[in-house]
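Read through the structure below, which is laid out as structure tokens, and then see the notes.
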Amino acid sequence: MPKIVIDGKDFEVEENLSIIQACEVSGVEIPRFCYHEKLSVAGNCRMCLVDIEDARGMSPKPVASCAMQVSDGLKIHTKTQRVKKAREGVMEFLLINHPLDCPICDQGGECDLQDQSVAYGLGGSRYEQNKRSVENKDMGPFIKTEMNRCIHCTRCVRFSTEVSGSDEIGAIGRGRDMEITTYLDIAVKSELSGNVIDLCPVGALTSKPYAFSARPWELKQTESIDVMDAIGSNIRIDTKGNKVMRVLPRNNDEVNEEWISDKTRFFWDGLSLQRIDKPYLRENGKLRQVSWNKAIDVASEKLLNTNPEKIASITGDLVSIESIYSIKKLMDSIKSPNTECRQDGSKINGGREKWLFNSKLSGIDESDGCLLIGTNPRIEAALINSRIIRKSKENNYSIGLLGDKSELNYNYDYLGDDPSIIYDLIDNNNPFCEKLSEMNKPLMIIGQGALKGDEGEDYLNLCIELANNYNFLKNDWNGFNVLHTAASRPGAMEIGFLPGERGKDLDQIIDGYKKGDISTLFLLGADEIEISEKTDCFVIYQGHHGDKGANIADLILPSPSFNEQNGLFINTEGRIQESIRATFPIGEAKEDWEIISLISKKMGLENIDNSFEDLRSSLFHSFPHLADIDMCLSGEKLPKKIERKDIKQHVFKNSLNNFWLSNSITRSSRLMCERNNISVKTIEGD
């Protein structure tokens with residue numbers, strides 16, 4: 001490891017670090033604007049200039065610390081008079097054209113330019129000519145532009161190319177005429193576009209929905225996780241009073257690094273729209289408001305007076321493990337086997353090794369090839385797709401796609417959309433097999449779209465056979481991955497909220513609902529089931545938005561959204577994470593566990609939880625491993641031999657038809673609807 005000297009102090013650092021990275025790990029602050037550790041080095045701003053001294057003596061001029069690697073014996077000076085003068089000069093140039101509108105800038109209080117001008121600025125300007133003026137750009141409903149403030153750091157340009165893979169943002173002109181703009185002046189369409197707001201070190205790119213609504217010091221910050229997909233991105237929810245004002249990413253290199261999707265960033269306005277805040281009961285075909293006592297009486301009476309074989313429960317995609325566990329206890333108490341968490345109809349089952357992202361999300365960075373089966377990661381898991389984009393730029397990194405042909409922002413070998421092609425891959429009768437054979441650590445990512453239908457489980461077994469035929473499964477590597485799209489699914493499967501002995505699965509429950517074999521249906525936040533017509537079946541819906549589930553309900557029980565109650569979730573890689581309450585429930589809504597506890601008490605059942613702490617204790621008693629927050633669950637070894645069954649009738653089905661309107665919260669969001677309309681117009685225009 002190289003030994004270096006920084007400002008007279010000895011340090012030992014890792015090899016291949018740049019000077020700015022070495023200073024950072026050594027606790028020495030170096031100012032920067034263009035440098036970002038997740039992006040390529042541009043060396044534009046020159047704010048990170050330092051003096052260096054090696055065997056040849058002092059460098060003739062300051063060097064950009066972001067663009068030079070450390071070497072053994074290097075002496076770095078960050079506080080010399082020459083460095084101080086250089087930084088003051090750079091700051092003076094940056095402020096030549098920057099408007100003095102800090103009091104009305106949304107970046108105020110969080111602005112790198114503000115902070116560094118105070119710390120490293122000269123305190124005056126010798127520039128007396130007119131400032132330049134740049135026309136603002138329309139980047140869509142999410143990004144607000146004030147291009148007069150731009151300092152040409154090009155972070156947004158590099159992000160667009162290297163992380164989102166869309167190449168939608170670029171630079172035109174040179175010198176003072178340089179401008180950051182979008183391709184053909186059209187709106188940015190990437191699912192990750194909002195991250196440029198965080199990357200911008202000045203107020204040139206800010207959040208359009210958040211504009212002029214609050215100052216950072218007015219906001220309460222709550223560290224939580226995202227449930228818009230199954231990645232479990234680490235987020236920070238900023239609230240003012242009882243209203244969510246914005247959602248920002250938290251850094252976690254194992255999960256989302258420091259990025260989040262636009263759906264995660266901008267869903268928040270849907271939290272306060274089309275909400276259910278009071279209990280309702282359907283009488284004479286119309287819903288009318290009732291008291292909680294009446295609602296609990298009706299629910300308990302229906303559950304008590306119905307044959308358990310004719311009672312079914314389905315849980316939704318945004319429900320915490322505690323909520324699912326509480327309704328599982330209720331269904332077990334009344335001995336109803338008809339429990340289901342797979343409301344998209346997928347047939348995943350068995351040990352967790354068969355339905356987890358076994359390589360972990362960070363394992364994508366270790367892989368040397370990828371096979372996608374029945375998935376579109378760009379809309380199912382935009383951040384996973386971003387990791388694949390980064391790997392796709394490496395030499396000899398091959399990607400194959402078996403499924404619907406989609407624009408994924410990287411090149412791949414298209415194998416076809418016929419599921420039976422997997423037989424050719426297993427038997428080494430496909431041109432892509434040669435590339436698979438050359439891979440030492442390949443990834444297989446199987447989407448939920450490949451696992452729907454009666455033959456979904458058989459198809460998963462074929463994927464396991466394929467994994468055994470190549471290097472997907474080795475002693476030091478497990479590249480067999482199932483990609484979930486629902487935040488609650490892995491947690492529900494972990495605690496066994498699946499059909500019991502002689503229990504009905506989703507298709508059978510829906511068929512029973514239509515034919516009268518199911519008399520009482522309890523929907524816990526289930527809004528994605530394909531039921532539109534009303535039957536004689538009594539439907540209890542417990543949730544927070546007036547969406548698909550509420551439309552067919554006979555009894556509606558208002559509960560909080562995920563940000564209004566604490567709860568555990570397991571993401572697609574098996575990581576246990578906790579969602580923390582950021583705001584309080586609205587109206588008369590009660591927490592999920594409390595509603596089910598009241599129903600259980602009214603029914604005279606035993607083993608009732610009187611508090612959330614009691615519920616958690618019971619959960620941890622039954623599943624002790626769930627108490628290890630931020631730990632990743634792992635499964636057993638996948639079987640080497642599985643009986644091969646015919647899947648010729650199997651077809652791939654889309655697991656996510658619309659990225660922007662994928663759940664009840666986003667469908668209620670004006671921002672998501674506006675962004676979806678842009679996508680629809682683009683498709684129609686094409």
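Please list 3J(HN,Hα) in residue order for the stretch 277-289, calculated via the Karplus relation 6.51 cos²θ - 1.76 cosθ + 1.60 where θ = phi - 60°; whole Hz, with x for glycine and proline.
10, 9, x, 9, 10, 7, 10, 6, x, 10, 7, 9, 5
For a bin width of 10 Å, list the pair-distance distribution of the stretch 243-309 built from all Cα-Cα distances, rounded to whole %.
All Cα pairs, binned at 10 Å, distribute as 16, 25, 19, 19, 20, 1 percent.
For a 21 Å ceiling on Cα separation, which of these pairs sit above it: K347/K441; K329/K360; K391/K435; K328/K653; K310/K515; K405/K653? Walk me through the numbers before you get to the answer.
Values: K347/K441 27 Å; K329/K360 31 Å; K391/K435 16 Å; K328/K653 29 Å; K310/K515 11 Å; K405/K653 13 Å.
Violating the 21 Å Cα-Cα cut-off are K347/K441; K329/K360; K328/K653.
Report, in whole Å, the centroid distance computed from the Cα atoms of the stretch 531-559 and the stretch 170-202.
One Cα centre to the other: 44 Å.
Specify the angular offset, from 0 to 90 degrees and rounded to the nearest 10, of the alpha carbon long axis of helix 292-304 from the longest principal axis of the alpha carbons in the chain.
The two axes meet at around 60 degrees.
Which percent of the accessible heavy-atom area of the chain goes to carbon and sulfur, probe 1.4 angstrom?
Details: 13150 of 28990 Å².
That fraction is 45 percent.
Can you give the Rg to Rh ratio for the stretch 562-641, taking only C-alpha atoms and Rh from Kirkwood? Spell out each step's value before the answer.
Numbers: Rg = 16.2 Å, Rh = 15.0 Å.
In the stretch 562-641, Rg relative to Rh is 1.08.
So for the stretch 595-686, considering every pair of alpha-carbon atoms, how many percent are separated by more than 20 Å? Display every interim value, and only then the final one.
Numbers: 3030 of 4186 pairs.
I get 72 percent for the Cα pairs in the stretch 595-686 exceeding 20 Å.
Cα-Cα pairs above 21 Å in the stretch 156-257: how many percent? All intermediate terms of the calculation are to be shown ahead of the outcome.
On the way: 2315 of 5151 pairs.
That fraction is 45 percent.
If you fit an axis through the alpha-carbon atoms of helix 81-94 and take the longest principal axis of the Cα set of the chain, what angle between them do you get, 0 to 90°, nearest 10?
Once rounded, one gets 60 degrees.
Using unit Cβ charges (K, R positive; D, E negative) and no other charged atoms, how large, in debye to the nearest 20, is the dipole of the stretch 529-571 about its Cα centre?
On the way: 2 positive and 6 negative charges, 21 e Å.
It comes to approximately 100 debye.
Within the stretch 611-653, list the GluC sites (Glu not before Pro) lying in a DSSP loop whose Cβ has at most 11 other Cβ atoms in a 10 Å radius. Intermediate values should be presented prior to the final figure.
Working: sites: E613, E636, E643; in loops: E636, E643.
Loop-located and lightly packed - E636, E643.
Where the centroid of each part is defined by its Cα atoms, how far is the stretch 1-72 from the stretch 257-314 in Å?
So the separation of the two Cα centres works out to 57 Å.
Loop by DSSP (not H, G, I, E, B), at most 15 other beta-carbon atoms within 10 Å: where is the longest site-free stretch of the chain for chymotrypsin sites (Phe, Trp or Tyr not before Pro)?
Numbers: sites that count: Y127, F212.
Longest gap between qualifying sites, sites excluded: 213-686.
Where does the Debye-calculated log10 I(q)/I(0) of the stretch 211-261 sit at q = 0.13, 0.18, 0.30, 0.32 Å⁻¹, using only Cα point scatterers of equal weight, no solvent?
-0.32, -0.58, -1.10, -1.19
Just to be sure I understand: if I project the alpha-carbon convex hull of the stretch 356-438 onto a plane and average over all orientations, what area do I get in nm²?
Numbers: hull surface 21.8 nm².
Result: a mean projected hull area of 5.5 nm².
Report, by chain and number, residues whose modeled amide H sits under 5 Å from the one on E257, excluding near sequence neighbours (fewer than 5 apart, same chain).
N252
Using only the Cα atoms, what convex hull volume per residue in Å³ does the stretch 284-411 have? Intermediate results must be reported in sequence, preceding the final value.
Values: hull volume 24.8 nm³, N = 128.
Convex hull volume per residue, Cα atoms: 194 Å³.
For the stretch 474-624, what is Rg from Cα atoms divided by 2.2 N^0.38 Å, rounded to two decimals? Intermediate values should be presented prior to the final figure.
On the way: Rg = 17.4 Å, N = 151, 2.2 N^0.38 = 14.8 Å.
Its radius of gyration relative to the 2.2 N^0.38 Å reference: 1.18.
Write down Rg/Rh for the stretch 482-541, rounded to two decimals, with Rg from the C-alpha atoms and Rh from the Kirkwood relation over Cα pairs.
Working: Rg = 12.7 Å, Rh = 13.0 Å.
Radius of gyration relative to Kirkwood radius: 0.98.
Mind jotting down the three principal axis lengths of the stretch 223-339 based on Cα atoms? Whole angstrom, largest first.
52, 32, 22
How large is the helix-only mean residue ellipticity at 222 nm for the chain, computed as the sum of -39500 (n - 2.57) over DSSP H runs with n ≥ 4, divided by its residue count, in deg cm²/dmol to the nearest 500?
On the way: 20 runs with 180 residues, N = 686.
It lands at -7500 deg cm²/dmol.
Can you give the accessible area of D646, probe radius 1.4 Å, in Å² rounded to 10?
Looks like 90 Å² after rounding.
Along the charge dipole of the chain, pointing to its positive end and built from +1/-1 on Cβ of Lys, Arg, Asp and Glu, which listed residue (S617, G525, P216) has its Cα farthest out?
Going by the charge dipole, the pick is P216.
Taking the radius of gyration and the Kirkwood hydrodynamic radius from Cα positions alone, what is the Rg/Rh ratio for the stretch 272-354, to two decimal places? Show your work: numbers first, answer last.
Details: Rg = 15.8 Å, Rh = 15.4 Å.
Across the stretch 272-354, the Cα-based Rg/Rh ratio is 1.02.
Give, rounded to the nearest 20 debye, the magnitude of the charge dipole that the chain has about its Cα centre when Lys and Arg contribute +1 at Cβ and Asp and Glu contribute -1 at Cβ. Before the final figure, lay out each step's value.
Working: 84 positive and 105 negative charges, 285 e Å.
Using Cβ point charges on Lys, Arg, Asp and Glu, the chain gives about 1360 debye.
Please provide three numbers in whole Å: the alpha-carbon extents of the stretch 14-95 along the principal axes, with the largest listed first.
The Cα atoms of the stretch 14-95 stretch 37, 30, 21 Å along the principal axes, largest first.
Specify the inter-centroid distance of the stretch 401-431 and the stretch 617-667, based on alpha-carbon positions, in whole Å.
Taking the Cα centre of each part, the stretch 401-431 and the stretch 617-667 sit 22 Å apart.
Rolling a 1.4 angstrom probe over the protein chains, ignoring ligands and nucleic acids, what is the accessible area of R265 in square angstrom, nearest 10?
Near enough 10 Å² of accessible area.
With every protein chain kept in place and ligands, DNA and RNA left out, what is the accessible area per residue of the chain? Probe 1.4 Å, answer in Å².
Numbers: 28990 Å² over 686 residues.
Normalised by residue count, the accessible surface of the chain is 42 Å².
Go through 95-107, 237-249 and give me the packing order, highest mean Cβ count within 10 Å leading. Each step should come with its number before you reach the end.
Working: 95-107: 15.3, 237-249: 18.7.
Highest-to-lowest ranking by the protection proxy: 237-249, 95-107.
Can you give the extra length, in nm with one decimal, that the chain gains between N293 and M1 once fully stretched, where that is 0.36 nm per residue apart less the Cα-Cα distance? Mind dumping the intermediate values first?
Working: separation 292, 0.36 × 292 = 105.12 nm, distance 6.97 nm.
Gain on extension, N293 to M1, equals 98.1 nm.
Looking at V298, S336, N358, which one has the Cα that reaches farthest to the positive end of the dipole of the stretch 278-363 (charges on Cβ: Lys, Arg +1; Asp, Glu -1)?
Most positive-ward Cα: V298.
Under unit Cβ charges (Lys, Arg +1; Asp, Glu -1), what dipole magnitude, rounded to 20 debye, does the stretch 547-686 have relative to its Cα centre? All intermediate terms of the calculation are to be shown ahead of the outcome.
Values: 18 positive and 21 negative charges, 160 e Å.
My answer is approximately 760 debye.
Per the Debye formula with a single identical scatterer at each Cα and no solvent contribution, what log10 I(q)/I(0) holds for the stretch 113-206 at q = 0.17, 0.18, 0.19, 0.22 Å⁻¹?
For the stretch 113-206 at q = 0.17, 0.18, 0.19, 0.22 Å⁻¹, log10 I(q)/I(0) is -0.76, -0.84, -0.92, -1.15.
Using the Kirkwood radius over C-alpha pairs as Rh, can you work out the diffusion coefficient of the stretch 1-60 via Stokes-Einstein at 4 °C, viscosity 1.567 mPa s, in µm² per second?
Values: Rh = 12.7 Å.
Estimated diffusion coefficient is 102 µm²/s.
Restricting attention to the alpha-carbon atoms of the stretch 1-154, what are Rg (one decimal) and Dmax (integer), both in Å?
My reading of the Cα-based Rg and Dmax gives 17.6, 55 Å.
Could you compute Rg(Cα) / (2.2 N^0.38 Å) for the stretch 52-128, with N its residue count?
On the way: Rg = 16.0 Å, N = 77, 2.2 N^0.38 = 11.5 Å.
Expressed relative to 2.2 N^0.38 Å, the Cα Rg reads 1.40.
Could you tell me which trypsin sites (Lys or Arg not before Pro) in the stretch 1-109 are loop residues by DSSP with no more than 10 other beta carbons within 10 angstrom of their beta carbon? Intermediate results must be reported in sequence, preceding the final value.
Working: sites: K3, K9, R32, K38, R46, R56, K75, K79, R82, K84, K85, R87; in loops: R32, K38, R46, R56, K79.
Of the trypsin sites (Lys or Arg not before Pro), the ones in loops of the stretch 1-109 whose Cβ has at most 10 other Cβ atoms within 10 Å are R56.
The values are calculated or read from the model by the stated rules, or taken from the named source; none is laboratory data. Computed from a prediction, not measured in an experiment: that's the story for all the values here. Note: ideal-geometry Cβ built from the backbone for every residue, glycine included; neighbour counts use all protein chains shown. Accessible surface is based on the protein model in full, side chains and every heavy atom, while ligands, DNA and RNA are left aside. Shrake-Rupley method; radii C 1.70, N 1.55, O 1.52, S 1.80 Å.
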